[in-house]
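The values are calculated or read from the model by the stated rules, or taken from the named source; none is laboratory data. Treat the numbers as computed from the prediction; the structure is a model and nothing was measured. FYI the Cβ positions are ideal-geometry reconstructions off the backbone, even for glycines, and counts take in every protein chain you see. Note: areas computed on protein heavy atoms with side chains; ligands, DNA, RNA excluded. Shrake-Rupley method; radii C 1.70, N 1.55, O 1.52, S 1.80 Å.
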Amino acid sequence: MHIHDYEKIWLVLAMLLIVAIITTITYGATAAGIGMISDQEETIDSNALDEDERFAEPRVEQVGENEYEAYVIAQQFVFSPDPIEVPANSRVTFYITSPDVLHGFHVEGTNANTMVIPGEVSKLTVEPNEPGEYGIVCNEYCGSGHHTMEGLLIVHPEDEFELEGDSDE
Amino acid sequence: MSEQLESGAPTFLDRFPQEAKVVRAALGSSFVALFLGALFGIVQTLHRTDVFRFMDAEYYYTVLTAHGVLMVVSFTIFFLVGIYTWGVVRSLDRPLENIRFTWAWYGMMVAGTLLAVVPILGGFVDTSELSADVLFTFYAPKQAHPLFYGGLSVFLIGTWMAGADWFRSYFAWKQENPDERIPLQTFMALITMLMWYIASIGITIAVVGFLLPWSLGLFNDINALLTRTLFWFWGHPVVYFWLMPAYMLWYTVLPTISGGRLFSDPLGRVVFILFLMLSTPVGIHHQYLDPGISEGFKAIAMTNTMFLLLPSLLTAFTVVASMEHGARQRGGTGLFGWLRALPWRDPAFTGMTLAGLMFAAGGFSGMVNAGLNINYLVHNTLWVPGHFHLTVGTAVALTFMAGTYWLWPQLTNRELYSRPIALAQVILWFVGMALMSNAMHVAGLFGMPRRTAEPQYEGFDFTATFGSIAEFDLQLAIGGTLLTISTLLFVVNIALTSAGPKVSGLGKPLSEPLSGPEDSPEILDNLKLWIVIALVLVVLAYTLPLASIIERGGVFGPGVDPVPMVVEPLVAYAEAAAGESAVGRLATAIGGVLP
């Protein structure tokens, strides 16, 4: 097959570009440690979330020094808990599921973004550094009130943070 | 050069009057869908940017469903079957085997479209159960009326029959010409259909196996992740289904109207074979953020996707090289000076070239989407529709419109009503899309979600790192308005052309490639080999993820009930429906998911 010289050069450059992109992404995924939504979590009966120890009562829980877990339900057309409150400079793992249809969970201005699928639990870990309020948006169409579905993530300065119920301990 | 080409040659209509009628009908149907789709498009553009709102926000999703389905199912695919019928008949130089069969598949596609559109428009009627506000992607457990799924199935069967029609032509031709290479246009049509048949496996299982019987109430539970994955099994190759007819025009028509010849026929074949092999085993790249699919499967999809850049990069070279050859034939000189010698006054040429230019930009934003982890920043933001309005919305749509300016006179024996209007139309599309798509990309980076009626929230504001949100909303609205005007100009120009006086001698023969099929190994034409490889790749890419999804959640899912998409709030609907036995089932189903 006759391939023109310029075409050969172009072909080689195109392949190099592709390999370079794959390398960059692999670097981000491995060395830079950008974790991805995966399949570590078991499936869940979306009709029986009220019997599930994590989701019966959506909440934020401290699980270690500076380590928190947030159990979040996304449903037509609210997130709970709302707001979600965590301290700065901590490590927060979100577990999110839905009792009805597909939803999205996107912390605005960040790459904390996941699909929420009934029957599945999305797990993502973030390390909020900057205290402040971050909007949470459902970014997957979920029904006629989709555009009203929002939440708030409040990142408190470390020394001002107190988990609900902590004062009793 | 163009005068020479127009010197009285017989047109497609002169040579194949019956086939020309079918092609006209298919293209005509696609233009009706384009026109309606554009009307829905401008309504949603003005609504979401808060420039002009005249309806309740909930109807936005009805409008969006109609826009999506009409544009990416009806407009694109009707055009595809029209242009491929033309390409196959023209390049094999023989009429179709049985024109009644041809009309039958066209009829199926029309019937399917109407069946699907009825429940979509039912969304505008408050009291109607007939509703399908599920958007183009119809992710379960959002549930549409059974007519919606039924209509899609009928439409799909129509497209399969169209492919069978072209294969039948090809087999008949092959009998008479056993030693000849498959003509390029026929080769492209056949490869496209092979890809389409493979892709259809996913959507067929999803719709016929699950969604249709589920919407009829035959069973209650659904595995939302499974049907979503099966959707994307089909949902990515479908974007190449839109694109490949545009590629066919770039490879076989654009070189001629540039005044030259295609640089390389063999590479055109290689490109299409790569599409056949790689466009299906990548669907999971739409699901990078899905729980229940492992990182490994996502990484495999990402790698395959990046290699899918190759055929498009090769095409960029071949098409530009062919244009340069054309320009030099027309007397162009210099390193870049030849660009001036191109026929910029020809709307068909300028439209296709601008479409190709925008496709390059769309390719780059697509690389961001395909980037496994970069994608987290833009997934489901306005960036994504910004991207695909460059690809399907311009590379495909504008090429189709430009190609129509070239082809329509040869299907009707009527001269184009106005070339200046046509030229203005394609430029207007380019400018409108540049504004709209830019605004969408930028707003997406600021985190603004797609598919959202009123992306203005109570608890927070989007932070624009430059400019302001209002500015980009306005840019989006202006762009959308220009695109609507452009669509109207196109439709009116074609309608007036069809009403014009008949003339003869409008035929425009296509030039032969510089490097023809005889330069390529015969193995390229071995369709059986390529389909086997493509199937193996699909099996490799999908067996494990699908098995894992089913193993995790079961075939019918871990207890996920249907949620019919009706415009009224669900609670109100359930109360209203509770008394009626006919819809009692619905109420029970909803009862299960209400707090």
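Buried surface between chains A and B: roughly 5900 Å² of accessible area, summed over both sides, computed with a 1.4 Å probe on protein heavy atoms only. Rg and Dmax, both from the Cα atoms of segment A:70-169 and both in Å, are 13.6, 43. Summing +1 for each Lys or Arg and -1 for each Asp or Glu among the other residues whose beta-carbon sits under 10 angstrom from that of B:I549 gives -2. Each principal axis of the Cα cloud of segment B:88-184 was evaluated for its coordinate range; sorted largest first, these ranges are 62, 25, 17 Å. The calculated Kirkwood hydrodynamic radius for segment B:210-266 is 14.8 Å, given to one decimal from all distinct C-alpha pairs. If you average the C-alpha positions of segment A:35-111 and of segment B:374-439 separately, how far apart do those two centres end up, in angstrom? Here the answer is 42 Å between Cα centres.
The count of lysine pairs in the protein assembly as shown that are at least 8 places apart or cross chains, and whose C-alpha atoms lie under 20 Å apart, stands at 4. When exposed loop sites are taken as chymotrypsin sites (Phe, Trp or Tyr not before Pro) in a DSSP loop with at most 15 other Cβ atoms within 10 Å, the longest stretch of chain B clear of them is B:467-595. Highest GNM mean-square fluctuation among A:E53, A:E140, A:E108, for chain A modelled with Cα contacts below 10 Å: A:E53.
Averaging the sequence gap over all C-alpha pairs within less than 8 Å and six or more residues apart, then dividing by the number of residues, gives chain B a relative contact order of 21 percent. For chain B, the solvent-accessible area works out to 34 Å² per residue, with a probe of 1.4 Å and every protein chain left in place. Since only B:A395, B:A341, B:V117 are under comparison, the one whose Cα sits farthest along the positive direction of the charge dipole of chain B, derived from C-beta charges on Lys, Arg, Asp and Glu, is B:A341.
Solvent-accessible surface of chain A, averaged per residue with a 1.4 angstrom probe and all protein chains in place: 46 square angstrom. Measuring nothing but protein heavy atoms, the accessible surface of the protein assembly as shown at 1.4 Å probe radius is 61 percent carbon and sulfur. Per-residue mean of foreign Cβ neighbours for A:44-50 is 4 (Cβ atoms of other chains, 10 Å radius).
What separates the Cα centres of segment B:126-159 and segment B:174-236 is a distance of 17 Å. Compared with the rule-of-thumb size 2.2 N^0.38 Å for a compact globular protein, segment B:154-246 has a Cα radius of gyration ratio of 1.37.
Give the relative contact order (percent, whole number) for chain A; include only Cα pairs under 8 Å separated by 6+ residues. Show your work: numbers first, answer last.
Values: 315 pairs, mean separation 35.2, N = 169.
Once divided by the residue count of chain A, the mean separation gives 21 percent.
Calculate I(q)/I(0) for the protein assembly as shown by the Debye formula, one identical point scatterer on each C-alpha and no solvent, and give its log10 at q = 0.06, 0.09 Å⁻¹ to two decimals. Computed log10 I(q)/I(0) values: -0.37, -0.83.
For chain B, the orientation-averaged shadow of the C-alpha convex hull comes to 27.3 nm² (one quarter of the hull surface).
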